[in-house]
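One structure below.
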Amino acid sequence: MIGKRNKFSSKFGFIAAAAGSAVGLGNIWKFPFEVGRSGGAAFLLLYLLFCFVLCYPLLITEIAIGRNAQKSPVGAFKAIHHRQWTFMGILGVLCGVLILSFYNVVTAWVFGYFIEMLLGNFEVGRQFTTFTSDIEMIGGYSLFILAVVAFIVSRGVTRGIEKASKVLMPVLIGILIFLIIYSLTLDNAIEGIKFYLIPDFSKISIDVVYRALGQAFFSLSLGMGILITYGSYLKSREDIVFSGAIITLADILIAFLAGLMIFPIVFSQNIQTDGGPGLIFITMPGIFQAMGPAWGIAIGSLFFLLLTFAAITSIISLLELPVSYLVDQHEIKRDYAVWISAGIIFLLGIPSLIGNGYSEYFTHFIRYYGSEASIDFMTFLTDVSSNTLLPFVGFLTSIFAVYVWKRKKLFRELHHGNEHFKNSWLSNYVGFCLQFIAPVVLAITFILTILEIFFGIYIFS
Ligand code: PHE
């Protein structure tokens, strides 16, 4: 261990950083299109259910593990005296690195769109594939974003991560509120709100349930040890139970507000709500164009700036994962650890970068026999990392916490900083969710995903 462990200097700093990790493209890009194609509010309700029943208990567990061990994931499992669980930490770091390799490319698109909107080039939506095939431009943006984040992370926990999050998160919320107010004044806004807030339960299928679960998990940055890492930078008197609740609620609230911003805008132009992933990249520029040049440029560029900021705070946490591993386990100086990790991640991102139109091979990375269908490398990587590995590690974390580390020790850690927790209804609730609900639900999800991805067996669709 090199020197004293750098800590978050305040409760707000910790919450801003952890909420910054949680709030990202998952909330503002993915959540609205999932709601859009899954019939509106019914999806929203399922998502809320999973956040409360699964994610919140797992979130505070991860933070408690980190704080107890005072180490990032790989060292944390070792420090809690269960050497054989170290692989979980390694799996988490690996998963984070894979996710960041493509997340960074999507962020480069978002940033590129910000520039295009500033230039008033609304046509970009119609030429999305041409845009993503321009790998020199996208590669340049992606290097730029990584370099900015690497600079922030290299400054350490307090002066880098905490400081950047404390500025970016409030700015993000400010832009979001401004855009919501604007979108609510548009014609037909009420139709968008109705679609969003009145549930249509006939749309709920097992497939929708399954997507809502994945969404809740990804959105809260669970299952790869990011919160273990941030927990290890937390002072022992901080209240994990309360901070965890604020982080969960902030993530839910921002996803909810993103829907409130997007649906009135979409309905104001009578556009289909089930645009899928292209909702933001293909549909939105056309909508901004219809607002006329001045409003279009202003609202369009603010919108993509918002997405860029949200993504940057998530990338910070994803980069901190391998960095803290190198610093804690291999005693490499933070500066070196940061630039080495960023370099490797950029290289690993190349297949995702060229797999969206530029390289035929990576664009149709997996072809299905006997049909025209194929998936690109980035989609493949999303399936492997976020849809398979995250629930798997989440499943193991719940087992580890209650059966290996033991519920009593976990609760003792949570008790530090919150004296009312022990023997409260909340502790019974958290214990029940961790012991019974999380393992069962996550194991089922994992098995279904494996069947679907690797064997092409779709049980629910
Ligand atoms: N939670 C982030 C989002 O919603 C993404 C993320 C996933 C960040 C996993 C870190 C780890 O976009």
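None of the figures in this text is laboratory data; all of them are computed from the coordinates on show. Predicted model only: the values in this text are computed from it and were never measured. Neighbour counts run over all protein chains shown; Cβ positions are idealised from the backbone, glycine included.
Restricting the search to helices (runs of 4 or more DSSP H) fully inside the stretch 311-404 and requiring at least 3 residues that are within 16 Å of the ligand (Cβ to nearest atom) gives 334-348, 377-382, 390-399. Among the residues of the stretch 233-260, those that are more than 16 Å from the ligand (Cβ to nearest atom) and either part of a helix (DSSP H, G or I) or not hydroxyl-bearing (S, T, Y) (or both) comprise L234, K235, R237, E238, D239, I240, V241, F242, S243, A245, L260. Of the residues in the stretch 144-154, not one is among the small types (G, A, S) and within 25 Å of Q289 (Cα to Cα). Could you give me the residue pairs with C-beta distances under 6 Å whose first residue belongs to the stretch 13-27 and is closer than 18 Å to L305 by Cβ, whose second residue is in a helix (DSSP H, G or I) and away from the ligand (no atom under 12 Å from the Cβ) wherever it lies, and which are 6+ apart or on separate chains? What qualifies is G20/S165; G20/M169.
Could you please let me know if S154 is away from the ligand (no atom under 15 Å from the Cβ), surrounded by fewer than 23 Cβ atoms within 10 Å (Cβ to Cβ), among the hydroxyl-bearing types (S, T, Y) and within 30 Å of E62 (Cα to Cα)? Yes; evaluated as a whole, the condition is true for this residue. Within the stretch 327-340, the set of residues being within 24 Å of the chain's Cα centre (by Cα) and free of Cβ contacts under 8 Å to residues at least 60 places away in the same chain comprises A337, I340. For beta carbons closer than 6 Å, sequence separation of 6+ or different chains, a first residue in the stretch 222-239 that is under 11 Å from S324 (Cα atoms) and a second that is away from the ligand (no atom under 16 Å from the Cβ) and in a loop (DSSP other than H, G, I, E, B), the qualifying pairs are S232/Q70; S232/K71; Y233/K7; Y233/F8.
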